[in-house]
Amino acid sequence: MSTDLVPRQDRLEWWAHLSSHEIAPIALSTEHADDFRGQARSVDLTVARVAEYATSPLRGRRTPALIRRHDPDGYWLFLVHNSPVRLEQGHHDSVLEAGDIALFGTSHPFATEFVDAGELTRLTLMFIPKRALPLPHDKVDRLLARKLPARSGTGAILTRYLTGVREQAADCDPADLPRLGTIALDLAAAFLAGHLDPGRQLPGDSHHRVLAARIDAYIDHHLGDPGLGPAVIAEHHHISVRTLHVLFQQRPETVSATIRRRRLERSRADLADPRLKDRPIGEIALRWGFKTTADFSRAFRGAYGMSPREHRQQAFA
């Protein structure tokens, strides 16, 4: 959805209507009414919704009258990608920088202002219905409009996950979207629970899914380590190797098979990358954690029915 398809004089009104429909009724104003621009992409994950917005600097206000008009009865996680954003709700007034997350509720008045930094303000938002959040709402409300750093731990995992869902959803099987939504909701709940009370425990199923998502992220970020294996993964996450294998029993692959497949996928992509066409095959194998070129070649042929060299030749034929 883009204002590029709307007559210039109607763009701000159109964007306000879109925001009211996609987020909640909000009164908007801007110094850029004559040259306003906005772009939006949204994916419905059944139990949650993730959207990306890029918009000219503006101010927004949700008043009691607008709340009475329509209330989706939920929370929005608010991830800032570039220009600062000011958010005010309840007793909190925060300025969010790139990489910060905040939370605002649709059932309470709030105000926001996108700082004019000479570029479109870029945001990722995630809508969480109150009924779907396994945390006490009165305590969650204490977090409204507070700056929630998200550059490490569960916050960093949540940020990467939401960004990945937003970028890759169009290529996903629609049947997978509810499962992706459940993972997003669990990660968001874990992130918020950590800010409410570092010792708070999530319900068992949610805890397991969050742990699995953390393990997946750890594997992806350490594929280049040839020592990566079940024992290392279990130790890093303070669980037993047996518990790790139990988590993976719900999946079609073992831990080791998952590591091997992801290494092969990364290697296969590198071999077909024009920017890396002069890089030796052995160097690519070592980059993704294979101990020897011979081990890599055997695994690659077993997975794809051809040698790494043959795959590269086909890619550039």
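Within region 201-219, is there a residue that is surrounded by 15 or more Cβ atoms within 10 Å (Cβ to Cβ), under 19 Å from the mean Cα position of the chain (by Cα) and at pLDDT 85 or above?
yes
If you go through region 138-160 one residue at a time, how many are open to solvent by 70 Å² or more (accessible area, probe 1.4 Å) and either touching a helix residue (DSSP H, G or I) at 6+ places or on another chain (Cβ under 8 Å) or touching a residue at least 40 places away in the same chain (Cβ under 8 Å) (or both)? Give the steps one after another, and end with the answer.
Step one: filter region 138-160 for residues open to solvent by 70 Å² or more (accessible area, probe 1.4 Å), giving 138-139, 142, 146-147, 149, 151-152, 160.
Filter once more, keeping what is either touching a helix residue (DSSP H, G or I) at 6+ places or on another chain (Cβ under 8 Å) or touching a residue at least 40 places away in the same chain (Cβ under 8 Å) (or both): 139, 142, 146-147, 149, 151, 160.
Result for region 138-160: 7.
Looking for whichever is touching a residue at least 12 places away in the same chain (Cβ under 8 Å), at positive phi and not hydroxyl-bearing (Ser, Thr, Tyr) here; the options are Gly60, Gly99, Gly118, Gly105. Which one fits? Outline the logic, then answer.
Details: Gly60 fails: at positive phi; Gly118 fails: touching a residue at least 12 places away in the same chain (Cβ under 8 Å); Gly105 fails: at positive phi.
Answer to the selection: Gly99.
Could you count how many residues in region 16-35 are of a type outside the set (A, V, I, L, M) and within 18 Å of Gly74 (Cβ to Cβ)? Step through it out loud before you land on a result.
In the first step, residues of region 16-35 are kept if they are of a type outside the set (A, V, I, L, M); the result is 17, 19-22, 25, 29-32, 34-35.
From what's left, within 18 Å of Gly74 (Cβ to Cβ): 19-22, 25.
Residues in region 16-35 being of a type outside the set (A, V, I, L, M) and within 18 Å of Gly74 (Cβ to Cβ): 5 in total.
Which of the residues that make up region 70-112 are outside any loop (DSSP other than H, G, I, E, B), of a type in the set (Ser, Thr, Tyr) and surrounded by 20 or more Cβ atoms within 10 Å (Cβ to Cβ)? Explain how you work it out, then say what you get.
Start the filter on region 70-112 by keeping residues that are outside any loop (DSSP other than H, G, I, E, B), which leaves 74-80, 85-89, 92-96, 100-105, 110-112.
Those left that are additionally of a type in the set (Ser, Thr, Tyr): 75, 94, 112.
Tyr75, Thr112 - these are the residues of region 70-112 that are outside any loop (DSSP other than H, G, I, E, B), of a type in the set (Ser, Thr, Tyr) and surrounded by 20 or more Cβ atoms within 10 Å (Cβ to Cβ).
Of the residues that sit in region 36-69 and are open to solvent by 50 Å² or more (accessible area, probe 1.4 Å) and in a helix (DSSP H, G or I), which one is nearest to Phe110 (Cα to Cα)?
For region 36-69, the residue satisfying everything is Pro64.
Of the residues in region 270-302, how many are open to solvent by less than 60 Å² (accessible area, probe 1.4 Å), part of a helix (DSSP H, G or I), within 26 Å of Gly229 (Cα to Cα) and among the hydrophobic types (A, V, I, L, M, F, W, C)?
Within region 270-302, residues that are open to solvent by less than 60 Å² (accessible area, probe 1.4 Å), part of a helix (DSSP H, G or I), within 26 Å of Gly229 (Cα to Cα) and among the hydrophobic types (A, V, I, L, M, F, W, C) number 8.
Is it the case, given these coordinates, that Ser267 is open to solvent by 40 Å² or more (accessible area, probe 1.4 Å) and of a type in the set (Gly, Ala, Ser)?
Numbers: open to solvent by 40 Å² or more (accessible area, probe 1.4 Å): no; of a type in the set (Gly, Ala, Ser): yes.
Considered against the rule, which asks whether it is open to solvent by 40 Å² or more (accessible area, probe 1.4 Å) and of a type in the set (Gly, Ala, Ser), Ser267 comes out as no.
Determine whether region 93-108 contains at least one residue that is farther than 29 Å from Leu177 by Cβ and touching a Pro at 6+ places or on another chain (Cβ under 7 Å).
Pass one, region 93-108, residues farther than 29 Å from Leu177 by Cβ: 93-95, 97, 108.
Imposing the further condition that a residue be touching a Pro at 6+ places or on another chain (Cβ under 7 Å) reduces the set to 95, 97.
Yes: one or more hits.
Checking Ala33 against (1) open to solvent by less than 60 Å² (accessible area, probe 1.4 Å); (2) among the hydrophobic types (A, V, I, L, M, F, W, C); (3) in contact (Cβ under 8 Å) with a residue 24 or more places away in the chain: exactly one of these is not met. Which one?
(3)
The values are calculated or read from the model by the stated rules, or taken from the named source; none is laboratory data. Everything numeric in this text was worked out from a predicted model, so none of it was measured. Please note: Cβ atoms are built from the backbone with ideal geometry, for glycine as well, and neighbour counts cover all protein chains shown. In case anyone asks, the SASA skips ligands and DNA or RNA and just uses the protein heavy atoms, side chains included. Shrake-Rupley method; radii C 1.70, N 1.55, O 1.52, S 1.80 Å.
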